[in-house]
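A.B. asks: What follows is a structure written as structure tokens; I'll ask about it next.
The values are calculated or read from the model by the stated rules, or taken from the named source; none is laboratory data. Worth saying up front: this structure is predicted, and the values here are computed from it rather than measured. When we count neighbours, we look across all protein chains shown, and the Cβ atoms used for this are built from the backbone with ideal geometry, even at glycine.
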Amino acid sequence: MTTARFSHSQCPHPSTKAARAACRAALRAAAAPADTASKAKVAVAASAAAETAPAAAVAVAREETCTKCSEAYVTTAPEVIDVDPLCDDCTTSDVVTNDAATSSVEITTDTWREHKDKPASIYVVGVEESIAAQSITGYSIKFLQFTDSDGKRQRIAATTVERVTV
């Protein structure tokens, strides 16, 4: 082992001089001939490394409510922010509805072009009911442009938009 080629970036120990020195000593002891003194040092270093290593991620079961069918289900999937939870039945069902409010495809400023000819629901912050749009004609950081149900083009500030679903 050469110190010029070794980086402690992957080591689980704290980034202090003492911890790095102990890590280097443990690596040298592991590379040294196998005698009883070096085996003892390796065992001590390994136990110290095990104490400072971060714990493995544990899957925790939690109860969620499906936003499509409103039924409760238990999941161990990692929790994702800004995504409507769906149960297994709703994610695997081939039932297609025309009601934009029950759909779970969320449009962002990056993906609006893929759904621009489809009817959408626009949820505005502070307004309980969604706005029904015939199509989305533009979505940027500043504005959301859409054709409303009357066929008129509308533009609202993107900061007031909570989410847009198709």
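A.B. asks: Considering only the range 149-166, how many residues are exposed (fewer than 14 other Cβ atoms within 10 Å of the Cβ), in a strand (DSSP E or B) and more than 28 Å from the chain's Cα centre (by Cα)?
C.D. replies: 2
A.B. asks: Mind checking which pairs have a first residue in the range 122-134 that is in the same structural domain as residue 153 (by TED's automatic domain parsing) and a second that is small (Gly, Ala, Ser) and surrounded by fewer than 16 Cβ atoms within 10 Å (Cβ to Cβ), Cβ under 6 Å, 6 or more apart or different chains?
C.D. replies: Final answer for the pair search is 132/149.
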